[in-house]
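Okay, so here's the structure we're looking at.
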Ligand code: SF4
């Protein structure tokens, strides 16, 4: 099998069961209603976050335009008033009135931009409330650069797109959103995936994130996963194992004895090592 780039979501699959990851590479697709509804919910959320960023950009542009128009109105009105106050000449008085009328005309333009700004701000607030984002500054992978919407690590043969990144000065904290119920502690496979995103964030932006976040739905508090040397070592160890398998130096097998895990596995039908009830 040729060496290929490993994605952070593949690491999640590997973390669940190495064989599940390998079966996926062999073309055995995940099955089940939960898989499809999860994909749809994820796409919906991704589209909404993109809309939020587009709307915020629009809002900033409208605000700048509004400020320019207001500054122009103030200049026109001030000029008109000065002319009207200091001039007795009929011609200049007329010029003052004309400038005043133009200024009033521009007020209509300003009201239009103000209306647009209010509508846009309302949409932004609603989306931020829906996703409980507060005032955090976020970025989606699409917004990184048009050429490279992915985070990549050449050193570790790894790439990935977290759902979004929280920007804190120069640091980017990756956030992964899961659609299932919130567990008391995040699942191992999800921790491995967010660890992979932390590694990617660190290499891409040359700044070490303090942690990554896993959100099980938007109504619950996120789990913060500390990006420390232990998690880094674990991610690198699993990446090396995966690269060994891709290079044919090792094989992928079931790494557990849990029947329940196999019963819940979306690739159980095509799995030669599944455990049955
Ligand atoms: S059925 Fe069991 S052994 Fe097979 S891939 Fe799924 S979890 Fe692994």
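Quick note: the coordinates plus some simple rules give every number you see, no bench work behind them. Here the structure is a predicted model, which means the values were calculated and not measured. When we count neighbours, we look across all protein chains shown, and the Cβ atoms used for this are built from the backbone with ideal geometry, even at glycine.
Remarks
- On full extension, the segment bounded by residue 206 and residue 263 gains 16.4 nm, given 0.36 nm per residue less the C-alpha separation.
- Calculated SAXS-style log₁₀ I(q)/I(0) at q = 0.11 Å⁻¹ - region 45-130, Debye, Cα scatterers: -0.45
- Computed on region 40-185, the Cα convex hull volume stands at 177 Å³ per residue.
- Förster radius 22 Å - calculated FRET efficiency between residue 277 and residue 255, Cβ distance, rounded to 0.05: 0.65
- In degrees, nearest ten, helix 90-130 long axis to first principal axis of the chain (Cα): 20 degrees
- Multiplying the residue separation of residue 182 and residue 232 by 0.36 nm and subtracting their alpha-carbon distance yields 15.6 nm.
- Inter-probe distance in nm under a simple model that places probes 7 Å from Cα toward Cβ, at residue 152 and residue 57: 2.2 nm
- The chain: relative contact order as a whole-number percent, Cα under 8 Å and 6+ apart: 24 percent
- Inter-part distance, region 229-250 to region 208-226, computed on C-alpha centroids, equals 24 Å.
- With Cα atoms as the point set, the radius of gyration and Dmax of region 123-277 evaluate to 17.5, 53 Å.
- Highest mean packing first, where packing is the average number of other Cβ atoms within 10 Å per residue, the peptides 124-135, 191-202 line up as 191-202, 124-135.
- Spin-label zone in region 233-277 - amide nitrogen under 15 Å from a point set 7 Å from the Cα of residue 39 along the C-beta vector: 266-267
- Between 0 and 90 degrees, the angle of helix 33-86 with respect to the longest Cα principal axis of the chain falls at about 20 degrees.
- With a simple spin-label model that places each label point 7 Å from the Cα along the Cα-to-Cβ direction, the separation between residue 119 and residue 240 comes to 5.8 nm.
- Helical runs assigned H by DSSP (4 residues or longer) give the chain a calculated mean residue ellipticity at 222 nm of -19500 deg cm²/dmol, each run adding -39500 (n - 2.57) before division by the residue total.
- Computed over region 98-256: relative contact order in percent, which uses C-alpha pairs under 8 Å that are six or more apart: 17 percent
- Using a simple spin-label model with pseudo-atoms 7 Å out from Cα toward Cβ, residue 130 and residue 74 lie 3.6 nm apart.
- The convex hull built on the alpha-carbon positions of the chain has an orientation-averaged projected area of 19.8 nm².
- When each of the peptides 9-18, 109-118, 172-181, 30-39 is scored by the mean number of other C-beta atoms lying within 10 Å of its residues, the order from highest to lowest reads 9-18, 172-181, 109-118, 30-39.
- Ordering 209-219, 244-254 by mean Cβ neighbour count within 10 Å, with the highest value first, yields 209-219, 244-254.
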